[in-house]
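Please read the structure below before turning to the comments.
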Amino acid sequence: MNADFHIHQLGHPLLRQSAEPVADVNDPAFQAQLDQLLSFVIDKGGMGIAAPQVGISRRFFILSSHANARYPYAPDVPPFVVINPEILAHADSVTKDWEGCLSLPGIRGLVPRYDWIDVRYLTRDGETVEIRYEGFLARVFQHELDHTEGRVFIDRVESTLELMMEQEWQTRVARQPD
Ligand SMILES: [Zn+2]
């Protein structure tokens, strides 16, 4: 299936709205949407996308993870669907690291995120999952969950001094070893 989605950018009201829960995971139209969104994420090679970013004000997102220049130790996890997510518990500690977002192209921010989170969500088969994520997956999960609550990563940076434009970030941060 070849799907193309228009990605809403900061300024679109859906990105600032708390989304509604998914009522019926088994709805065929919803399942078709999931297939399209999954193939979209696979095509783009992205780490995830949340429904409000493509104009769907519902609480679900796609997550994936693979090693990259900035996160060389990120685990390889193929894209999967997270529906009606909740954070049950989280670490006291946070770590700051760089994030970007398809809805805010060209900007990077140093974002504090909980080091681990215990979460509950539904799979696309309607099964309830309870799991702890840590490190990179915990970060991406928190980023995508924020989208379903009308928040974007720049809301979380502690200072505008911790924002960078992509071109400078590529030169000054991405190419530097940790
Ligand atoms: Zn995002």
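Just so you know, all these numbers are worked out from the coordinates, no wet-lab data involved. Keep in mind that what you see is a predicted model, and the values were worked out from it rather than measured. Heads up, the Cβs are rebuilt from the backbone with ideal geometry, glycines too, and the neighbour counts pull from every protein chain shown.
Laid out as a table, the results:
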| read-out | value |
| --- | --- |
| Using a Förster distance of 45 Å, the FRET efficiency for GLU86-LEU161 (Cβ separation, nearest 0.05) | 0.85 |
| Sum of -39500 (n - 2.57) over DSSP H runs of 4+, divided by residues of the chain (222 nm, nearest 500) | -6000 deg cm²/dmol |
| ³J(HN,Hα) computed for each position of the stretch 145-159 - Karplus, 6.51 cos²θ - 1.76 cosθ + 1.60, integer Hz, glycine/proline x | 4, 3, 4, 6, 10, x, 10, 10, 4, 5, 5, 9, 5, 7, 7 |
| Full-extension gain in nm, LYS44 to TRP98, via 0.36 nm per residue minus C-alpha separation | 17.5 nm |
| Computed log₁₀ I(q)/I(0) - Debye formula, equal Cα scatterers, no solvent, the stretch 48-99, q 0.20, 0.23, 0.24, 0.25 Å⁻¹ | -0.98, -1.09, -1.10, -1.10 |
| Relative contact order computed over the stretch 29-177 (Cα-Cα under 8 Å; 6+ residues apart), in percent | 21 percent |
| Pairwise Cα inverse-distance average, inverted: Kirkwood Rh of the stretch 13-174 (Å) | 16.2 Å |
| Nearest-0.05 FRET efficiency for ASP27 and GLN170, computed from C-beta distance (R0 41 Å) | 0.50 |
| Under Karplus coefficients 6.51, -1.76 and 1.60, residue-wise ³J(HN,Hα) of the stretch 58-68 in Hz, glycine/proline x | 9, 8, 8, 8, 9, 10, 8, 7, 8, 4, 8 |
| Using alpha-carbon coordinates, inclination of helix 28-44 to the longest axis of the chain, degrees | 30 degrees |
| Prolate/oblate/rounded label for the stretch 3-45 (Cα gyration tensor, a/c 1.5) | oblate |
| Order by protection proxy (mean Cβ within 10 Å, highest first), peptides 58-66, 11-19, 40-48 | 58-66, 40-48, 11-19 |
